[in-house]
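Enquirer: Submitted below is the structure of interest, expressed as structure tokens.
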Amino acid sequence: MPRKIGILTGGGDCPGLNPAIRGAVIQALDLGYECWGLEEGWKGLIEGNARKLTLSDVEGIVGQGGTILGTSRTNPFKKEKGVEKALESLKSLGLYSLIAMGGEDTLGVAQRLYAEHQVKVVGVPKTMDNDLSATDYTFGFDTATTIAVDAAEKLIDTGKSHRRVMVLEVMGREAGWVALFTGMAAGADYIAIPEKPFDETEMLEQIKVAYQRKKHALVVVSEALKFPKSASNGNVIPEKDDFGHTLLKEQGTGDTVAKMIEKGTGIETRAAVIGHIQRGGKPTLFDRMLATRVGMKSAQMTHAGQFGRMAAMRGSEIIDVSLKEAAGTLKKVSKDWIIAAQTLCAKRETVSR
Ligand code: F6P
């Protein structure tokens, strides 16, 4: 009887999950395992909801966005008897081990199940936020940011025509990678990310200079930007998910920044929020290849008995790292990146020193 591997995708979806599932399944079948897909992340394990994954289930999905398994932000450690039920399902489904694909939350659960309940689990990193510290890149980020760059360039076109300042708000949660890469790659005139304390005066000055030069300007902002109290919408009581993260959907960051700019410069300003559009569509080549490779690696790691570990990208290699390291501190934008972005945005002619 072949050993059964349970595969799940948890947290926010992103392009690359399907190629990762495909890579894991094809490699696992080749190594003599049977694969079972758990529906909607940890929820599927709690409810014992799984289906067998055959070659025909995964053969045509490499270019598809989303996840064929569905996903959720369910945390078994926060549900009544969640962990108990998850452990029972492992037994009743006859699963030898798990491959958990997700970000810090999903992988944090995987780590705890491994450390506290000796569940044989291997992690696969995914998130459009690119904020996992144990891997150089997470799949989903390249596609999401490519979509955001495209949106930014479209905003530049219309901003140029109307002589306006355009503000683009992107996702990324507490990490500014999506905004940073979008702004740098699209030629923004100002980038605001959570890692750098928001400086309204600096932003307004920089926009005025850019506008004077070319009669339009682009600002890219992260959804999770923190404003001084007076500027933010203090009436909204933030909703939280199972993992304690504030849902940022009602924060209105882009709008707040646009209003500040219009008020502070007198220039007509518009804001656009691309939100979940960043999470859909075909994965880019980079994401397909990264997802395929970490997916395959997770099946190889299962075969080698490397549990409590996660497949990760370091340089151009796919290696294994401990889940503890992976689910630990978040990877935030460093000072060097902030300085590089600021230099590009400020775009000064030669200055005498
Ligand atoms: O973590 C991925 C992410 O896309 C964040 O960038 C964003 O804040 C969040 O998920 C949105 O979550 P939801 O899909 O639950 O609205």
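Only the coordinates and a few stated rules stand behind these numbers; no lab work does. Fair warning: this is a prediction, and the values are worked out from it, not measured in the lab. As a convention, Cβ positions derive from the backbone with ideal geometry for all residues, glycine included, and neighbour counts pool all protein chains shown.
Enquirer: Assign one of three labels to the chain, namely rounded, prolate or oblate, based on the Cα gyration tensor with a ≥ b ≥ c the square roots of its eigenvalues; rounded applies when a/c is under 1.5, prolate when it is not and a/b is larger than b/c, and oblate otherwise. Walk me through the numbers before you get to the answer.
Expert: On the way: a/c = 2.45, a/b = 2.06, b/c = 1.19.
Since a/c reaches 1.5 and a/b is larger than b/c, the shape of the chain is classed as prolate.
Enquirer: Counting only other residues whose beta carbon sits under 9 Å from that of Thr302, what net charge do I get with K and R as +1, D and E as -1?
Expert: Values: positive: Arg3, Lys120; negative: none.
Within the 9 Å Cβ shell, the charges total +2.
Enquirer: Moving on to the next point. Taking the simple approach of a point 7 Å from Cα along Cα-to-Cβ for both Thr54 and Leu31, what is their distance in nm?
Expert: Calculated label separation equals 2.3 nm.
Enquirer: Leaving out same-chain residues fewer than 8 places away, which lysines sit with a Cα under 24 Å from that of Lys226?
Expert: Lys196, Lys208, Lys240, Lys249, Lys259, Lys263, Lys331, Lys332, Lys335
Enquirer: On the Cα set of the range 248-353, report Rg and Dmax in Å, please.
Expert: 21.2, 63
Enquirer: Please report Phe181, Phe286, Phe141 as a ranked list, fewest other C-beta atoms within 10 angstrom at the top and most at the bottom.
Expert: Phe286, Phe181, Phe141
Enquirer: What FRET efficiency, computed as 1/(1 + (r/R0)^6) with R0 = 35 Å and r the Cβ-Cβ distance, is obtained for Lys226 and Val351, rounded to the nearest 0.05? Show your work: numbers first, answer last.
Expert: Values: r = 31 Å, r/R0 = 0.88.
Here the calculated transfer efficiency is 0.70.
Enquirer: Stretched out fully, how many nm does the piece from Leu344 to Glu88 gain, at 0.36 nm a residue minus the Cα gap? Before the final figure, lay out the partial values.
Expert: Working: separation 256, 0.36 × 256 = 92.16 nm, distance 5.47 nm.
Answer, rounded to one decimal: 86.7 nm.
Enquirer: Right, here's the next one. Could you identify which residue out of Arg173, Arg51, Arg279 has the top mean-square fluctuation in a GNM of the chain using Cα springs shorter than 10 Å?
Expert: Between Arg173, Arg51, Arg279, it is Arg51 that shows the largest mean-square fluctuation.
Enquirer: What's the exposure ranking of Asp150, Asp105, going from fewest to most Cβ atoms within 10 Å? Each step should come with its number before you reach the end.
Expert: Numbers: Asp150 14, Asp105 23.
Ranked by crowding around the Cβ, least crowded first: Asp150, Asp105.
Enquirer: Now for a separate question. Does the range 142-280 classify as rounded, prolate or oblate by the C-alpha gyration tensor (a ≥ b ≥ c root eigenvalues; a/c under 1.5 gives rounded; else a/b over b/c gives prolate, otherwise oblate)? Write out the running numbers ahead of the final one.
Expert: Numbers: a/c = 1.94, a/b = 1.30, b/c = 1.49.
Cα axes put the range 142-280 in the oblate bin.
Enquirer: Take peptides 72-78, 292-298, 23-29, 33-39 and line them up by average Cβ neighbours within 10 Å, highest first, as a rough protection proxy.
Expert: The densest-packed peptide leads the list: 292-298, 23-29, 33-39, 72-78.
Enquirer: With +1 assigned to the C-beta of every Lys and Arg and -1 to the C-beta of every Asp and Glu, and no other charges, what is the dipole magnitude of the chain about the Cα centre in debye, to the nearest 20? Kindly include the intermediate steps, with their values, before the conclusion.
Expert: Numbers: 46 positive and 43 negative charges, 65 e Å.
That gives a dipole near 320 debye.
Enquirer: Can you tell me the FRET efficiency between Arg314 and Asp336 if r is taken as the Cβ-Cβ distance and R0 is 25 Å, rounded to the nearest 0.05? Before the final figure, lay out the partial values.
Expert: Numbers: r = 19 Å, r/R0 = 0.75.
Efficiency computed from Cβ-Cβ geometry: 0.85.
Enquirer: Order these by the 10 Å Cβ neighbour count, fewest first: Val351, Val58, Val273. Let's see the in-between values first.
Expert: Details: Val351 5, Val58 23, Val273 20.
Arranged by neighbour count, lowest to highest, Val351, Val58, Val273 become Val351, Val273, Val58.
Enquirer: If a paramagnetic tag sat 7 Å from the Cα of Ala304 along the Cα-Cβ line, which residues of the range 311-353 would have the backbone N under 18 Å from that point?
Expert: Within reach of a label on Ala304: 311-326.
Enquirer: When the convex hull of the Cα atoms of the range 1-53 is projected onto a plane and the area is averaged over all directions, what value comes out in nm²? Walk me through the intermediate numbers first.
Expert: Numbers: hull surface 14.6 nm².
Across all orientations, the range 1-53 yields a mean hull projection of 3.7 nm².
Enquirer: Restricting to Cα pairs below 8 Å that are 6+ residues apart, what does the relative contact order work out to for the range 142-280? Please round to a whole percent.
Expert: 34 percent
Enquirer: Taking every DSSP beta bridge with both residues inside the chain, roughly what % is antiparallel (nearest 5)?
Expert: On the way: 12 of 44 bridges.
Antiparallel: roughly 25 percent of the beta bridges in the chain.
Enquirer: Just to be sure I understand the model, the point goes 7 Å from the Cα along the line to the Cβ. What's the resulting Glu153 to Arg213 distance in nm?
Expert: My value for the distance between the label points is 2.0 nm.
Enquirer: Report, in deg cm²/dmol and to the nearest 500, the calculated mean residue ellipticity at 222 nm for the chain, where each DSSP H run with n ≥ 4 adds -39500 (n - 2.57) and the sum is divided by the residue count. Don't skip to the end; give the middle numbers.
Expert: Working: 12 runs with 144 residues, N = 353.
Value at 222 nm, helices only: -12500 deg cm²/dmol.
Enquirer: Based on the Cβ-Cβ distance of Phe286 and Gln64, what FRET efficiency does E = 1/(1 + (r/R0)^6) give at R0 = 22 Å, to the nearest 0.05? Before the final figure, lay out each step's value.
Expert: Details: r = 16 Å, r/R0 = 0.74.
For R0 = 22 Å, the calculated efficiency reads 0.85.
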